[in-house]
Amino acid sequence: MKKYSIVIIIITLSLSLQAQDVQKWTISPALIGGVFPHLPYNLKDYNPLLIPYLPFNKGLFYGEIRYNYDRNGTFGVYGGISKVTGNRIIQIFTPQLGILLGDYQALSIQFYYNLVHPRIEFNLTNNYAKVFNNRPDYYFNWSDIQFPIRKIWRAGASTQIFIDKNLQTYDFGPMIGYRDKGWYIMVTAFNPWSSKTNYWFFAIQKTLQL
């Protein structure tokens with residue numbers, strides 16, 4: 001695992017050095033969380049599930065540091081590039097490589113795609129992890145579609161897909177959000193029709209330039 005970690009770190013640093021220019025660093029610290037009404041409500045059982053999340057970028061370079069996001073009790077460190085195209089219709093492509101440390105020890109490949117239009121927004125996350133500590137490899141997907149309402153409000157729907165050799169889940173639900181002056185707040189009610197699988201996910205994020 002160590003030799004793979006060193007390779008990832010070298011690649012990340014290389015991408016960072018190539019992307020350095022006169023632009024400022026942008027950081028977007030966030031707290032993401034989940035509340036599961038059908039599970040015991042205490043932090044020992046990850047309910048609520050709290051996910052500290054720190055994306056950062058400069059020029060083409062994009063990186064993330066996060067905990068509990070990939071799997072419970074697991075740190076993730078990612079680095080890659082982010083390419084923006086278009087004017088009225090903006091598309092953002094962000095391929096990344098990462099390492100996972102903690103309950104899961106893995107190499108991870110991640111790809112973000114974002115489409116932003118004045119009347120619609122689509123966001124896609126694809127993530128695959130090759131795990132090395134006797135836990136199954138897995139695939140994760142988050143997708144959402146958002147429709148802006150009076151510029152700062154938005155409504156839509158979100159999906160989460162998780163697949164490994166032992167488990168396959170597909171969750172869907174309506175979402176509402178707020179975005180203005182660097183703030184982003186989102187709440188999704190997954191599977192609201194099922195008392196056994198329903199849960200809530202939220203995100204609070206602030207974008208800053210350094």
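The values are calculated or read from the model by the stated rules, or taken from the named source; none is laboratory data. For clarity, every value in this text was computed on a predicted model and none was experimentally measured. With ideal geometry, Cβ positions are generated from the backbone for all residues, glycine too; neighbour counts draw on all protein chains shown.
With TYR69, TYR53 as the choices, which residue is in a loop (DSSP other than H, G, I, E, B), hydroxyl-bearing (Ser, Thr, Tyr) and at pLDDT 95 or above? Unique residue meeting the criteria: TYR69. Per the listing ALA203, ALA129, ALA157, the residue uniquely surrounded by 14 or more Cβ atoms within 10 Å (Cβ to Cβ), aliphatic (A, V, I, L, M) and more than 30 Å from ILE99 (Cβ to Cβ) is ALA157. Of the candidates ASP144, ASP103, the single residue that is buried (at least 16 other Cβ atoms within 10 Å of the Cβ) and not β-branched (Val, Ile, Thr) is ASP144. Before we move on, is VAL77 modelled with pLDDT of 95 or more, under 25 Å from PRO136 (Cα atoms) and in a strand (DSSP E or B)? Criteria met by VAL77.
The set of residues in region 161-210 that are among the small types (Gly, Ala, Ser) and closer than 17 Å to PHE140 by Cβ comprises GLY173, ALA203.
When restricted to residues that are under 18 Å from LEU49 (Cα atoms), surrounded by 14 or more Cβ atoms within 10 Å (Cβ to Cβ) and of a type in the set (Ser, Thr, Tyr), region 161-196 contains 1. Candidates LEU101, LEU39, LEU49: the one that is over 20 Å from TYR199 (Cα atoms) and not small (Gly, Ala, Ser) is LEU101.
Within region 106-160, the set of residues being closer than 17 Å to ILE185 by Cα and of a type in the set (Gly, Ala, Ser) comprises SER143, ALA155, GLY156, ALA157, SER158. Restricting region 1-50 to residues that are modelled with pLDDT of 95 or more and farther than 24 Å from ARG71 by Cα, which is surrounded by the most Cβ atoms within 10 Å (Cβ to Cβ)? Looking at the filtered set, the residue picked out is THR26.
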